[in-house]
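J.: One structure is given below, represented as structure tokens, and several questions about it will come after.
The values are calculated or read from the model by the stated rules, or taken from the named source; none is laboratory data. Treat the numbers as computed from the prediction; the structure is a model and nothing was measured. Glycine gets a Cβ as well: all are built from the backbone with ideal geometry, and neighbour counts include every protein chain shown. Accessible surface areas use protein heavy atoms only, side chains included; no ligands, DNA or RNA. Shrake-Rupley method; radii C 1.70, N 1.55, O 1.52, S 1.80 Å.
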2 protein chains.
Amino acid sequence: MKSRPATIRDVARRAKVSVASVSRALNGHKNVRDDTRDRVLQAIDDLHYVPNAAARSLSSSQTRTLGVVLPDLHGEFFSELIRGMDKAASERGYLLLLSTMHADPQLAGQAIAVMRGRVDGLAVMAPQLSRDAIDRLMPEEMPGVQVICQPSKKRPSFIIDNREGAASATRHLLAIGRRRLAHIAGPEGNFDARERRQGFLSAIAAAGAPAPLVGAGDFGEDGGARIVRDWLARGERFDGVMAANDMTAIGALEALRAHGLRVPEDVALIGFDDIPLARHLGLSTVRVPVADIGAAAVERLVAMVTSQEAGATPEVQPLELVLRATTQGRPH
Amino acid sequence: MKSRPATIRDVARRAKVSVASVSRALNGHKNVRDDTRDRVLQAIDDLHYVPNAAARSLSSSQTRTLGVVLPDLHGEFFSELIRGMDKAASERGYLLLLSTMHADPQLAGQAIAVMRGRVDGLAVMAPQLSRDAIDRLMPEEMPGVQVICQPSKKRPSFIIDNREGAASATRHLLAIGRRRLAHIAGPEGNFDARERRQGFLSAIAAAGAPAPLVGAGDFGEDGGARIVRDWLARGERFDGVMAANDMTAIGALEALRAHGLRVPEDVALIGFDDIPLARHLGLSTVRVPVADIGAAAVERLVAMVTSQEAGATPEVQPLELVLRATTQGRPH
DNA sequence: AACCGATAAGTAACCGATTACATTTCGGTC
DNA sequence: GACCGAAATGTAATCGGTTACTTATCGGTT
């Protein structure tokens, strides 16, 4: 006995009013008499009526849904981001439509295209795409924001000061007396990774410290571990490591310990992001308020959707150095 | 010059065919001549046409979207689940619509209602709701699966054998010589938490071990820490702790160490879930293949959506004991 | 009681696709 | 070249809402 779900016409019939009145009652228009509204509400209740979202979107060209396009869903970084976004969205009556864009720009285009008509706005995180590539991919007519990426000229971007964050982490290593520093960078094409490396290098240069080691990781645990093992196998000497992100740092940490080195006594170590794991492992790092960034981005996106407001000034979230065990100790 | 996006009629006009032919060409029907299809494709390309998803959903009553309703998004448990679901969904051309349902059953109903008409099927995780409550909330006419919860009689459920998992963790503590065991349970209303406590108690009973300590946690780190501190303050004696989940175990671990106790020498500790953090902290635990469960649930949901197939046999994912540092050592 | 402007309610067009059904065109046969 | 069934194409109804526009009803005034 699975009956067709009730439509607005069924409700109108039962409440003995027109569909227009039902629609008005439902959407809180003011020109509806109280007793009419009550009859409608009663009928809605009786029939367990729920408006059909597709029909509503079609006629009002509004979906009350926001699209979120992410490079991948691995790890706590993304879950935090989504959490912040979901909070801001649901507080405003919006739902989140998720789509992952596996690095390929081709597929990135597809991921964005399938959202057309399903969402009122788009939040995109694409650190591996250039500014131009993103601009080309984003539909002109749809409100959009960018999150943690190369800031756009056309759309609001929610970014962090990667260079300054990396520089301050590096200065901290120098401040606790480390001179032979090393950096494990992120993936080649990644914007944030490049910026962080720049920040590291400029801090080194500014301090007049010796030329550092630099290895190319992949933002993953294994990458970090591999680089460190390589260095140790080659007999490189270093007493401080600044990793492009926390996962890389964690891989490095394990490789260092596996090699019998003490952290921080022999090698101090600092990461970037402050994922929850960092706190548990006592990893010093640069705190990126990921959930806040996600929330701010969605908040702004909703504002754009509801009031057409534009503007494209990048919003830079402040970073904070978080010092824990991996840099709290004196050199041997 | 932001022009209205092209519609199927624009395409039809440009390709000099009817809208029906455009639709047929687009949806890969066979009765379309090659040159017609080519003209249509050309026009689509020229106009950058993308079909309007809302219109398509309305007329075909299909959205190619699946709804995911979760209790919360905190922690790695959920990000893993979403990751598994997203993988299975995107492989099949489906998008995921996210909604969090804050414990309140009232709100749970709303979270489900807003998805009506926006999704072809629903995957719900609601461990804090009874079987009946979920059945009442889920719309009859919509395909649905349940994930990690009290199994339903009406819908496929993807569950784990909490009792056996908890029992085997408990047997392991007994096997390494611990006798005075303690259990930090999860939140009162949570199905999995109750089952795990049952498993713990029955393993104790079966082994004829002394009556254990049992405290009520909340699946969170702080809860675990609080219970342990209470026990220690009251002078309780125990040499093995089985926590309802990993986060609880991690809180317990920190409280134990803060009190100067060695793990596992003084107190052995085992958790449940095997979140990534557990590996990094050397926490023994029971591995729950969360991502696999999410993927399996979505896979099944897609099958239900596309072929009306029903069936409600719960699918039980196997668990696996993972032994790490917190239980690897001999008692003092 | 008649009349007024304001407010409430109704009618029907519209959003952009899909698809049943009607019509045209095609390729082959005699 | 006329005729046939099959294949291709076109026409128009339909999905379920929103809303511009029209019509009915209201309370208040003279």
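J.: Please build a GNM for chain A, connecting alpha carbons under 10 Å apart, and tell me which residue among A:Asp222, A:Asp292, A:Asp46 fluctuates the most.
T.: A:Asp46
J.: Tell me, what HN-Hα J-couplings in whole Hz come from the Karplus equation 6.51 cos²θ - 1.76 cosθ + 1.60 at θ = phi - 60° for each residue of segment B:117-133, using x for Gly and Pro?
T.: With the stated coefficients, segment B:117-133 comes to x, 9, 9, 8, x, 10, 10, 10, 10, 9, x, 8, 10, 6, 3, 5, 4 Hz.
J.: Rounded to whole Å, give me the distance from the Cα center of segment B:256-332 to that of segment A:257-332.
T.: Taking the Cα centre of each part, segment B:256-332 and segment A:257-332 sit 27 Å apart.
J.: What whole number of Å gives the distance from the Cα centroid of segment B:66-81 to the Cα centroid of segment A:1-34?
T.: Going from one Cα centre to the other spans 35 Å.
J.: May I pose another question? How shielded is A:279-288 by partner chains, expressed as the average number of their Cβ atoms within 10 Å of its Cβ atoms?
T.: The shielding value for this peptide is 1.
J.: So the label point sits 7 Å from Cα along the Cα-to-Cβ vector; using that for A:Gly235, what distances do you get to the other copies, in nanometres, sorted shortest first?
T.: 6.2
J.: Look at the axis of the rotation that sends chain B onto chain A, then give the chain B residue with the nearest Cβ and the distance in whole Å.
T.: B:Ser79, 2
J.: Next question. Would you mind listing the distances between the A:Asp72 label point and the same position in each other copy? Use 7 Å along Cα-to-C-beta, nm, one decimal, shortest first.
T.: 2.8
J.: For B:Leu232, A:Leu26, what's the largest-to-smallest order of accessible area, 1.4 Å probe?
T.: The ranking, largest first, comes out as A:Leu26, B:Leu232.
J.: Going by the alpha-carbon gyration tensor, a ≥ b ≥ c the square roots of its eigenvalues, is the protein assembly as shown rounded (a/c under 1.5) or, if a/c is not under 1.5, prolate (a/b greater than b/c) versus oblate?
T.: oblate
J.: Quick one: Karplus J couplings for segment A:219-235, per residue in order, coefficients 6.51, -1.76, 1.60, θ = phi - 60°, nearest Hz, x for Gly and Pro?
T.: For segment A:219-235, the Karplus curve yields 6, x, 4, 4, x, x, 5, 4, 4, 4, 4, 4, 4, 5, 5, 7, x Hz.
J.: Could you work out Rg/(2.2 N^0.38 Å) for segment B:8-51, with Rg from alpha carbons only?
T.: 0.96
J.: Additional query: Scan around B:Phe158 for amide H atoms under 5 Å from its own, H built in the peptide plane at 1.01 Å from N, and keep only partners 5 or more places away or cross-chain.
T.: Answer set, sorted by chain and number: B:Gln146, B:Val147, B:Ile148, B:Glu315.
J.: Ordering B:Glu188, B:Glu80 from largest to smallest accessible area (1.4 angstrom probe), what's the sequence?
T.: Reading off the accessible areas and sorting them downward yields B:Glu188, B:Glu80.
J.: Same structure again: Longest span of chain B, sites excluded, free of trypsin sites (Lys or Arg not before Pro) in DSSP loop with at most 13 other C-beta atoms within 10 Å?
T.: B:34-152
J.: Could you work out how far the C-alpha centroid of segment B:124-147 sits from that of segment A:208-252, in angstrom?
T.: For segment B:124-147 versus segment A:208-252, the Cα centre distance is 48 Å.
J.: Quick check: from the Cα gyration tensor, does segment A:155-256 come out rounded (a/c under 1.5), prolate or oblate?
T.: Oblate.
J.: What ranking of A:Thr65, A:Thr306 comes out by heavy-atom accessible area, probe 1.4 Å, highest first?
T.: Of A:Thr65, A:Thr306, the descending order of accessible area is A:Thr306, A:Thr65.
J.: How large is the charge dipole for segment B:19-95, taken about the Cα centre, if only the Cβ atoms of Lys, Arg (+1) and Asp, Glu (-1) carry charge, to the nearest 20 debye?
T.: Magnitude of the dipole: close to 420 debye.
J.: Continuing with this model, one more query. Near the amide H of A:Leu269, under 5 Å away, which other amide H atoms are found, from residues 5 or more places off or on another chain, if H is placed in the peptide plane?
T.: A:Val241, A:Thr327
J.: Measuring label to label, 7 Å along Cα→Cβ, what does A:Asp35 give against each other copy in nm, shortest first?
T.: 6.9
J.: Give me the dipole magnitude in Debye, nearest 20, for segment B:118-157 about the Cα centre, with unit charges on the beta carbon: positive for Lys and Arg, negative for Asp and Glu.
T.: The calculated dipole for segment B:118-157 is roughly 120 debye.
J.: Which one of A:Ala175, A:Met138, A:Ile160 has its Cα pushed farthest toward the positive end of the charge dipole of segment A:137-206, where Lys and Arg give +1 and Asp and Glu give -1 at the Cβ?
T.: A:Ala175
J.: Mean-square fluctuation check for chain B, GNM, Cα pairs under 10 Å: which of B:Ala312, B:Ala175, B:Ala15 is largest?
T.: It is B:Ala15.
J.: Per the helix-only calculation at 222 nm, which mean residue ellipticity applies to chain A, given -39500 (n - 2.57) for every DSSP H run of n ≥ 4 and division by its residues, nearest 500 deg cm²/dmol? Could you put the intermediate results ahead of the total?
T.: Numbers: 13 runs with 152 residues, N = 332.
Rounded to the nearest 500, it is -14000 deg cm²/dmol.
J.: Another question, then. Mind telling me which of B:Val19, B:Val114, B:Val290 comes out most flexible in a GNM of chain B, alpha-carbon contacts under 10 Å?
T.: B:Val19
J.: I would also like to ask the following. How large is ³J(HN,Hα), in whole Hz, for each residue of segment B:140-153 in order, when computed from phi with the Karplus curve 6.51 cos²θ - 1.76 cosθ + 1.60 and θ = phi - 60°, using x for Gly and Pro?
T.: Result, rounded to whole Hz: 4, 7, 9, x, x, 10, 10, 10, 6, 5, 5, x, 8, 7.
J.: Hey, another quick one. Tell me which residues come under 5 Å, amide H to amide H, from A:Leu95 once H is placed; ignore anything under 5 positions away on its chain.
T.: A:Thr65, A:Leu66
J.: Inverting the mean 1/r over all pairs of different Cα atoms, compute the Kirkwood radius of segment B:218-273 and quote it in Å.
T.: 10.7 Å
J.: Projected onto the charge dipole of chain B (+1 at Lys/Arg Cβ, -1 at Asp/Glu Cβ, origin at the Cα centre), which of B:Leu26, B:Pro318, B:Ala206 gives the Cα projection farthest towards the positive end?
T.: Sorting the options by dipole projection puts first B:Leu26.
J.: Let me ask something else. Report the charge-dipole magnitude of the protein assembly as shown in Debye, nearest 20, computed about the Cα centre from +1 at each Lys and Arg Cβ and -1 at each Asp and Glu Cβ.
T.: The calculated dipole for the protein assembly as shown is roughly 1300 debye.
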